[in-house]
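Please read the structure below before turning to the comments.
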Amino acid sequence: IPDTRPVYFKTDYHPVHRCGLNITIHAGENDNVESVWQAIYELKADRLGHGLALAGAKELQSVVARKGIGIELCPYANVQIAGYAPVSGPTIYPLREFLSAGILVSINTDNPGISSATLSDNILLAARLCPSDAPLKRFEVLKLQRNALETAFVSPAMRGWIADEINRRLEGLYCGKK
């Protein structure tokens, strides 16, 4: 029997849906792709925490990309809990696969109190988890941050302000200003 944990909470989410709140569902880290499917279709997730089980599930990846559902990868937690290992691990970390599928994947911290890892630490580890024949490029790190902004639960006006502020600061760095 496939893991069906998300569906257990379906009726609990009815009031959340009625209020129009955005939803992140923790799915696909230690469970199968069925849990990701349920998080999307039963709980109407706007973002998925981890979503590792999407690896290899091309049809569901297409749905995630088309719906603009964000995937929050947390490399330190993924190494600790799901057993990924930098480059030499038996399972390839799905970051590269998700980017190629057009998914709005971002790098995040899961539980800094447990993993003792900052966002910068997680981004650096994400780069180490990519295959050596397909390294994470600088523009992709910026894309990951842009994806985080695109899937942030903020108003369009706030999203625009944040994007403008990021662009202003990047321009300042590029021009040698602080």
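The values are calculated or read from the model by the stated rules, or taken from the named source; none is laboratory data. Since we're looking at a predicted model, the values are computed, not measured. Heavy atoms of the whole protein, side chains included, go into the accessibility calculation; ligands, DNA and RNA do not. Shrake-Rupley method; radii C 1.70, N 1.55, O 1.52, S 1.80 Å.
Pull out a ≥ b ≥ c, the square roots of the eigenvalues of the alpha-carbon gyration tensor of segment 128-178, then state rounded if a/c is under 1.5, prolate if not and a/b is larger than b/c, and oblate in the remaining case. Because a/c hits 1.5 or more and a/b fails to exceed b/c, segment 128-178 counts as oblate. Lysine pairs in segment 1-141 with Cα distance under 22 Å, only those 8 or more apart or on different chains: how many are there? Summing the qualifying lysine pairs gives 5. Residues Leu129, Leu99 ordered from highest to lowest accessible area at a 1.4 Å probe: Leu99, Leu129. So what is the diffusion coefficient of the chain in µm² per second by Stokes-Einstein at 10 °C and 1.306 mPa s, using a Kirkwood Rh over Cα pairs? So the translational diffusion coefficient is about 93 µm²/s.
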